[in-house]
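As structure tokens, the structure follows; a few thoughts come after it.
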Amino acid sequence: MKIPFLNHIHSLESFQYPEENIPHHIAIIMDGNGRWAEKRGMPRAAGHKEGVSTVVKIVKAAVKCKVKVLTLYTFSTENWKRPKPEIDFILRLPKEFLTIYLPELISNNVRIEAIGNMDMLPAYTREAVQYAINRTRENNGLQLNIALNYGSRHEILNAMKQMFLDINNAKLSLEDLDDQVFSGYLNTAGLKDPDLLIRTGGEKRLSNFLLWQLAYTEFWFTDVLWPDFSEKEFIQALEEYQTRKRRYGGI
Ligand code: FPP
């Protein structure tokens with residue numbers, strides 16, 4: 001089935017983009033693709049496909065706003081429970097997206113990275129993402145993190161195992177272990193924690209996404225389903241973020 005998804009992208013010029021106090025790192029749980037399709041009597045895959053056009057719009061908006069890091073929850077360790085045809089469809093989307101948009105991402109100085117356990121992914125997904133990572137390595141604009149086969153508990157357990165090995169091999173001493181050292185063992189090593197988490201689709205939960213990294217993040221939820229999410233809601237989220245007082249436990 002061929003579902004067009006490129007003809008919905010409208011001009012960004014009509015939007016007033018905020019310039020001050022922009023979140024450095026935004027993480028997004030892109031939920032609601034299936035319901036978007038079901039509401040229209042379409043197969044769930046159509047919602048995922050439409051979800052890719054939202055990704056394109058939001059990446060462009062993030063570039064415009066000079067966001068430094070955008071992390072997108074694309075496929076979780078729990079998503080393997082879905083029917084195989086749906087899994088296959090979702091895992092083909094990164095290649096489809098990158099085949100069409102990599103040149104534009106490169107010209108926008110976007111650097112692609114991935115978090116999650118890539119080893120278990122089909123070769124076509126892994127290779128497309130790895131190619132994009134290599135091709136954009138020198139870019140220093142927006143870092144686009146694609147979370148693929150990502151699950152936070154798995155990430156934390158792996159970090160702990162690696163830490164114990166390093167402690168056993170005297171590469172790390174227990175006294176030196178603190179928040180920052182622990183963060184360095186996670187997939188997001190070297191990145192600032194997200195300032196803003198956006199979840200679309202009406203649910204208000206974290207679904208095993210960045211549990212350690214979201215400790216002091218501001219949350220913004222919307223009922224809008226991911227395929228309907230647009231620059232308008234993205235800017236709304238940024239504007240509401242700008243009104244929040246971040247105290248990090250202080251007063
Ligand atoms: C959750 O909606 C969405 C997913 C599991 C897939 C997200 C993937 C995309 C938006 C494509 C991204 C592609 C790239 C290249 C980054 P759901 O299916 O759980 O929706 P529902 O809650 O309505 O069933």
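Read-outs: derived from the displayed coordinates by stated rules, not from any lab. Keep in mind it's a predicted model, so treat the numbers as computed, not measured. Counting neighbours? That spans all protein chains shown, and the Cβs are built from the backbone with ideal geometry, glycine included.
Between residue 88 and residue 248, the simple label model (points 7 Å from Cα in the Cβ direction) yields a spacing of 4.9 nm.
Taking 73, 216, 150 as the candidate residues, the one with maximal mean-square fluctuation in a Gaussian network model of the chain, Cα springs under 10 Å, is 216. The range 38-97 and the range 113-128 have Cα centres lying 15 Å from one another.
Between the listed residues 42, 59, 220, the Cα displaced farthest toward the positive end of the dipole of the chain, a dipole computed from Cβ unit charges relative to the Cα centre, is found at 42. Over the chain, dividing the summed -39,500 (n - 2.57) contributions of all DSSP H runs of at least 4 residues by the number of residues returns a 222 nm mean residue ellipticity of -13000 deg cm²/dmol. Taking 7 Å steps out from each Cα toward its Cβ at residue 157 and residue 174 produces label points 2.4 nm apart. If R0 equals 22 Å, the separation of the Cβ atoms of residue 240 and residue 207 corresponds to a calculated FRET efficiency of about 0.55. Taking 235, 26, 100 as the candidate residues, the one with maximal mean-square fluctuation in a Gaussian network model of the chain, Cα springs under 10 Å, is 100. Within the listed set 218, 96, 240, the residue fluctuating most in the Gaussian network model of the chain (springs between alpha-carbon atoms under 10 angstrom) is 240. The Cα-based radius of gyration and maximum Cα-Cα distance (Dmax) for the chain are 18.4, 59 Å.
Could you tell me the center-to-center distance, by alpha carbons, between the range 200-235 and the range 137-154 in angstrom? Between the Cα centre of the range 200-235 and that of the range 137-154, the gap is 17 Å.
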